[in-house]
1. If E44 passes every condition in (1) surrounded by 14 or more Cβ atoms within 10 Å (Cβ to Cβ); (2) without any contact (Cβ under 8 Å) to a residue 60 or more places away in the chain; (3) closer than 22 Å to A96 by Cβ; (4) not hydroxyl-bearing (S, T, Y) but one, which one does it miss?
2. When region 146-178 is examined, which residues are found to be closer than 21 Å to A52 by Cβ and at pLDDT 85 or above?
3. Hey, V60 hits all of (1) assigned to a loop (DSSP other than H, G, I, E, B); (2) within 12 Å of the chain's Cα centre (by Cα) but one; which does it fall short on?
4. Starting from region 173-196, take each residue that is closer than 11 Å to Y21 by Cβ and list its partners that are β-branched (V, I, T) and modelled with pLDDT under 90, counting only C-beta distances under 9 angstrom and pairs at least six apart or across chains.
5. Looking at this structure, is A8 touching a Pro at 6+ places or on another chain (Cβ under 7 Å) and either in contact (Cβ under 8 Å) with a residue 40 or more places away in the chain or not small (G, A, S) (or both)?
6. If you go through region 121-138 one residue at a time, do you hit one that is among the polar types (S, T, N, Q), at pLDDT 85 or above, open to solvent by less than 40 Å² (accessible area, probe 1.4 Å) and under 19 Å from the mean Cα position of the chain (by Cα)?
7. Considering each of V80, V97 in turn, give the residue that is closer than 20 Å to A180 by Cβ, open to solvent by 10 Å² or more (accessible area, probe 1.4 Å), modelled with pLDDT of 95 or more and of a type outside the set (D, E).
Amino acid sequence: MHGPPLVAWLLVVLGTATGAYCLFRTRLGCPGTGPEERRVARAEALMGMGMAAMAVPVSVLDPPRWAAAAFGLVFGAAAVRALLLARHDAHHLHHAVGAGAMVYMAVAMAEAGAVGGGAHAGHTPAGTPATTGLLLAYFAIYVLAAGVRLVSAPATVTAAGTASAGGAVPVAHAPELASACRVSMAIGMFAMLLTL
């Protein structure tokens, strides 16, 4: 990724933190968390960790030439899988768009020389303006819509970790926290697209 190093490092931290939280959600076995929720959490963990890896500044780690192809293959497969799962749950369409955006950024960065092209490469715009603009618009709208839903959602978990109905709910499994992670990853995706 090219762009200001501070932004890149913030994206690395954001991607790593959200990816780690999503992995945490797959391991805990929260009551009421079924296989579909764990599948979604795994897809989100892949996206977070992939964003973190892609955001590492090339001045620190100059990835090998095959890195763009590896990103493209991994996230291409994730996009196809999400499209297949979208027949049963429309939320997977968002995962497909996110994975497709990762493929697009890997290809665009490889073409611009930012991936595997040396620490001084990547100073020219990458990708096509129309595609980048469409993806930027999608993630901006997603962040705004999901943010409004998140802010207007009723509080269901207290600071002590109990639900308002009286049942115990671990704070780490609060639906609002998972939604906040999705919003933060969409913000990260938006920021990464701006660096193209």
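1. Tallying (1) surrounded by 14 or more Cβ atoms within 10 Å (Cβ to Cβ); (2) without any contact (Cβ under 8 Å) to a residue 60 or more places away in the chain; (3) closer than 22 Å to A96 by Cβ; (4) not hydroxyl-bearing (S, T, Y), E44 fails exactly one: (2).
2. A146
3. Against the list (1) assigned to a loop (DSSP other than H, G, I, E, B); (2) within 12 Å of the chain's Cα centre (by Cα), V60 comes up short only on (2).
4. Correct list of pairs: H173/T33; H173/V157; L177/V157; L177/V171; A178/V40.
5. Taking the combined requirement at face value, the residue satisfies it.
6. Yes: region 121-138 contains one or more residues that are among the polar types (S, T, N, Q), at pLDDT 85 or above, open to solvent by less than 40 Å² (accessible area, probe 1.4 Å) and under 19 Å from the mean Cα position of the chain (by Cα).
7. V97 is the lone residue from the list that is closer than 20 Å to A180 by Cβ, open to solvent by 10 Å² or more (accessible area, probe 1.4 Å), modelled with pLDDT of 95 or more and of a type outside the set (D, E).
The values are calculated or read from the model by the stated rules, or taken from the named source; none is laboratory data. Every value quoted in this text rests on a predicted model; they were computed, and no experiment measured them. Note that each Cβ is placed from the backbone with ideal geometry, even for glycine, and that neighbours are counted across all protein chains shown. We work out accessible area using only protein heavy atoms, side chains counted, and drop any ligands, DNA or RNA first. Shrake-Rupley method; radii C 1.70, N 1.55, O 1.52, S 1.80 Å.
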